[in-house]
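A.B. asks: Starting off with a structure, shown below.
The values are calculated or read from the model by the stated rules, or taken from the named source; none is laboratory data. Keep in mind that this is a model prediction, so the values were computed, not measured. A quick note on method: Cβ atoms are made from the backbone with ideal geometry, for glycine too, and the neighbour counts reach across all protein chains shown. These area figures cover heavy atoms from the full protein model, side chains too; ligands, DNA and RNA do not enter into them. Shrake-Rupley method; radii C 1.70, N 1.55, O 1.52, S 1.80 Å.
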Amino acid sequence: MAETPYDPQNIFAKILRGEIPSHRVYEDESVVAFMDVMPQGPGHTLVVPKAPSRNLLDADPATLGPLFTVVQKVALAVKKAFGADGATVLQFNEPASGQTVYHLHVHVIPRFEGIALRPHTGNMEKPEVLAENADKIRRALVG
Ligand code: 5GP
């Protein structure tokens, strides 16, 4: 069966092109990180390569090293920014796995002992809360 092609009109492609807003916390030549609008916990961040691929399954392997280098930076930053006990890193491939946006991305979510994650793609967070959390993460990334 033919693979589904990459759709350049997906929401993260639009965010990467600056066509729709996001709360960015990090950007370099190959990777961007921004706040998830329906966070599974405070500080839920998405780490997204600029190179187009639908998900991990069709990604150029050369994309993955720089992507996971930033995943580690962001995991350390969210842990520091929120005084978390740990961080969950999640990545979904195709609808059967729970993927809903078809541009490769990695979820980084600060975790606290005894506190469960909220549902995947649940409620929209208030923009002012996302802005405040993004600020905390930016500060932790530089400090
Ligand atoms: P997936 O299920 O594809 O791994 O996750 C997609 C994620 O993107 C979800 O956690 C969802 O909350 C988030 N999301 C969906 N639409 C938007 C959007 O317009 N902006 C941002 N920042 N996140 C989004």
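A.B. asks: Looking at segment 8-33 only, could you name the residues that are in contact (Cβ under 8 Å) with a residue 12 or more places away in the chain, farther than 16 Å from LEU90 by Cβ and within 13 Å of the ligand (Cβ to nearest atom)?
C.D. replies: Across segment 8-33, the qualifying residues are ASN10, ILE11, ALA13, ILE15, LEU16, SER22, HIS23, ARG24, VAL25, VAL32.
A.B. asks: Could you please let me know if LEU67 is assigned to a helix (DSSP H, G or I) and either open to solvent by 10 Å² or more (accessible area, probe 1.4 Å) or within 16 Å of the ligand (Cβ to nearest atom) (or both)? Outline the logic, then answer.
C.D. replies: On the way: assigned to a helix (DSSP H, G or I): yes; either open to solvent by 10 Å² or more (accessible area, probe 1.4 Å) or within 16 Å of the ligand (Cβ to nearest atom) (or both): yes.
In short, yes.
A.B. asks: Among the residues of segment 119-137, which ones are part of a loop (DSSP other than H, G, I, E, B) and closer than 20 Å to TYR26 by Cβ?
C.D. replies: GLU125
A.B. asks: Among the residues of segment 39-89, write down those that are among the basic types (Lys, Arg) and within 13 Å of ASP28 (Cβ to Cβ).
C.D. replies: Across segment 39-89, the qualifying residues are LYS50, LYS73.
A.B. asks: Let me ask something else about it. If THR100 satisfies every condition in (1) of a type in the set (S, T, N, Q); (2) more than 10 Å from the ligand (Cβ to nearest atom); (3) loosely packed, with under 15 Cβ neighbours inside 10 Å but one, which is the exception?
C.D. replies: (2)
A.B. asks: Of all residues in segment 103-117 being over 19 Å from SER30 (Cβ atoms) and within 15 Å of the ligand (Cβ to nearest atom), which is most open to solvent (accessible area, probe 1.4 Å)?
C.D. replies: Top of the filtered list is LEU117.
A.B. asks: Please find, among ALA75, ALA62, ALA87, ALA81, the residue that is out of contact with any Asp or Glu (no Cβ under 6 Å at 6 or more places or on another chain) and either charged (D, E, K, R) or over 23 Å from VAL129 (Cβ atoms) (or both). Reasoning before the result, please.
C.D. replies: Working: ALA75 fails: either charged (D, E, K, R) or over 23 Å from VAL129 (Cβ atoms) (or both); ALA87 fails: either charged (D, E, K, R) or over 23 Å from VAL129 (Cβ atoms) (or both); ALA81 fails: either charged (D, E, K, R) or over 23 Å from VAL129 (Cβ atoms) (or both).
Matching residue, one of ALA75, ALA62, ALA87, ALA81: ALA62.
A.B. asks: Restricting to segment 76-95, give me the number of residues that are open to solvent by 20 Å² or more (accessible area, probe 1.4 Å) and either among the β-branched types (Val, Ile, Thr) or assigned to a helix (DSSP H, G or I) (or both).
C.D. replies: Going through segment 76-95 one residue at a time, the tally reaches 8.
A.B. asks: While we're looking at this one, here's another question. In segment 63-79, what count of residues is obtained for those that are β-branched (Val, Ile, Thr) and within 14 Å of HIS44 (Cα to Cα)?
C.D. replies: 3
A.B. asks: Can I ask one more? Taking segment 35-64 on its own, how many of its residues are over 22 Å from PRO119 (Cβ atoms) and either open to solvent by less than 40 Å² (accessible area, probe 1.4 Å) or among the hydrophobic types (A, V, I, L, M, F, W, C) (or both)?
C.D. replies: Total meeting the criteria: 10.
A.B. asks: I would also like to ask the following. List the number of the failed condition for ARG138; all other conditions in (1) closer than 16 Å to ILE15 by Cα; (2) within 16 Å of the ligand (Cβ to nearest atom); (3) not polar (S, T, N, Q) hold.
C.D. replies: In the conditions (1) closer than 16 Å to ILE15 by Cα; (2) within 16 Å of the ligand (Cβ to nearest atom); (3) not polar (S, T, N, Q), ARG138 misses (1) alone.
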